[in-house]
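The values are calculated or read from the model by the stated rules, or taken from the named source; none is laboratory data. Please read these numbers as outputs of a predicted model, since none were measured by experiment. All Cβ positions, even for glycine, are placed from backbone atoms using ideal geometry, and neighbour counts span all protein chains on display.
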Amino acid sequence: MKISIIGTGYVGLVTGVCLAKKGHNVICVDRVESIINSINSGIAPIFEKHLEDLLLEVIRDKLTATSDVGYAVENSEVSIIAVGTPFSEGNIDLKNVKEAAYDIGVILKKKKDYHVVCVKSTVIPTTTDTMILKTLEEASGKKLGEFGLVMNPEFLREGNAVEDFMNPDRIIIGAMDDKSFEVFSKIYKSHFDAPIVKTNSRTAEMIKYTSNALLAALISFSNEIAAISEEIGDTDALEVLEGVHMDRRLSLIVEGKITMPGIIKYLKPSRGFGGSCFPKDVKSLIAFSEKLGYKPKILKSVIEVNESQIERLVLKLKDEIGEIRDKTIAILGLAFKAGTDDIRESQSIKLIRRLIKEGAVLKCYDPIAIENAKKELEEQANLEFYSNYENTLLNADAALIMTDWDTIANISIDVFKKLMKNPVIIDGCRILIKNNIKEQKTKYRGIGLRMIEK
Ligand code: UGA
């Protein structure tokens, strides 16, 4: 099929490149000329595993980029809106989505052939069948039926986005009518080995929010159990949760062996969730729900527990080293999770800001996210960045692990002991445990673990 994609961020570009790889003809549209030039030269403007390799395979033959939305819509049968929905003042801003719908609508006015518009950006339930439909109808002067409209949410994890797109668990298509569904589903039919679920657009929008809210809730649930376990003492919340994982309702027994489904990963104590999706999506769902007259209780607690994780880390640090002012603290990891250079809503960045206020001297390490962190954090004398962990740990009074990078998980305890002034390790990701840390002579505090000296 001929497909145009409006917006070339993580979602838009991954979608475009993967659909081109599946044999479709894709035109990517963006307003930023430097992004277009980069894509057309086969250079991925964002870091995402396998993206650039695939882009090089499809560029020119199957995929091109342009700033001309008119050309893209005229020369395609389906337009996918994948623009950003920034979060401001407690709500997502739908301005970009609306503008994209308007731009498409204007072209549809002149277009004779049937064309389907798809909303892929994460939008609040009711957006597609109210605001987007109205915008398209007004701009095109046509009625639904003369053009098609669907909502097709994405379930891509950053760092795994290409693999997730190529091997989806399910494809949700919230269609405004049967014809929209029939035409749009051709993009996936016979190209992907996954069930295609037909819903209405509101349900599709809600599936996306519910999916992220559930995963975020599991993390906050685990962190609440972690906090209680710390109060008890000598009770490791990680062991507690691993004991829970083995319930056959959570882990299937296949051919006599316990197999852990991916969701179990989210039932683990951690420094809390970040990224461009979980915090924004849960907060947007809360705000939307309140607007409708229902005050969510669980979702509010999910955010509250997550936000308190930073304070809990600071308390652990104070517990171990006393006064923070003028102490040298190594921050291991800046990205919101391993496998990405994205620092949006990263708990690490939030912790850094908090520690700067306390007067700490910070040495920060990340294998790939330093440039983005520098753009985010104001330059200051007591904040330094290192691309190797040895220099970061040198003479530090404490180290805080904030991203679950393998390079960090594999640092041996001897390295911490040799380089640091004082080997206090606060493990926000519970990744050092495989080093049998409990037996080592270090002051180790993991989330959900407070050992009692006997
Ligand atoms: C998330 C969802 O997993 C995707 O399904 C969804 O498509 C995407 O949001 C989106 O809405 O676009 P992503 O934000 O890339 O994907 O990252 P995850 O791997 O789910 O992790 C989110 C945050 O939770 C990270 O900060 C991660 O470190 C944290 N996390 C994850 C934990 O703190 N503990 C865990 O056990 C798992």
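Worth pointing out:
- Yes/no for Asn391 being away from the ligand (no atom under 16 Å from the Cβ), assigned to a loop (DSSP other than H, G, I, E, B) and not hydrophobic (A, V, I, L, M, F, W, C): no
- Scoring Gly275 on the criteria (1) under 16 Å from Lys350 (Cβ atoms); (2) touching a helix residue (DSSP H, G or I) at 6+ places or on another chain (Cβ under 9 Å); (3) within 16 Å of the ligand (Cβ to nearest atom) leaves a single failure, condition (2).
- Among residues that are surrounded by fewer than 17 Cβ atoms within 10 Å (Cβ to Cβ), touching a residue at least 60 places away in the same chain (Cβ under 8 Å) and not acidic (Asp, Glu), Lys49 is included.
- Filter result (over 13 Å from Ala204 (Cα atoms), among the polar types (S, T, N, Q) and surrounded by fewer than 19 Cβ atoms within 10 Å (Cβ to Cβ)) within the range 102-155: Thr130
- Qualifying position, being closer than 20 Å to Ile411 by Cα, surrounded by fewer than 19 Cβ atoms within 10 Å (Cβ to Cβ) and in the same structural domain as Ser270 (by TED's automatic domain parsing), among Ile329, Ile370, Ile356: Ile370
- With a requirement of 1 or more residues that are within 16 Å of the ligand (Cβ to nearest atom) and either closer than 30 Å to Leu449 by Cβ or among the polar types (S, T, N, Q) (or both), the helices (runs of 4 or more DSSP H) lying completely within the range 144-246 that satisfy it span 201-232, 237-245.
- Of all residues in the range 394-414 being at pLDDT below 95 and surrounded by fewer than 16 Cβ atoms within 10 Å (Cβ to Cβ), the one that is nearest to the ligand (Cβ to nearest atom): Asn410
- Meets criteria (in contact with a helix residue (DSSP H, G or I) (Cβ under 9 Å, 6 or more places away or on another chain) and not in a strand (DSSP E or B)) for Glu371: no
- Cβ-Cβ contacts under 6 Å between residues 6 or more apart (or on different chains), taken from a first residue in the range 376-389 that is more than 18 Å from Ser346 (Cβ to Cβ) to a second residue that is of a type outside the set (S, T, N, Q), are listed as Asn382/Val361.
- Here Ile331 fulfils each of the conditions (1) among the β-branched types (Val, Ile, Thr); (2) farther than 30 Å from Ile124 by Cα; (3) more than 16 Å from the ligand (Cβ to nearest atom) apart from (3).
- Applying the criterion of being of a type in the set (Asp, Glu) and away from the ligand (no atom under 13 Å from the Cβ) to the residues of the range 338-367, the residue that is farthest from the chain's Cα centre (by Cα) is Glu358.
- Residue match in the range 338-346 (condition: of a type in the set (Lys, Arg), in contact (Cβ under 8 Å) with a residue 12 or more places away in the chain and either surrounded by fewer than 18 Cβ atoms within 10 Å (Cβ to Cβ) or assigned by TED's automatic domain parsing to the domain that holds Glu307 (or both)): yes
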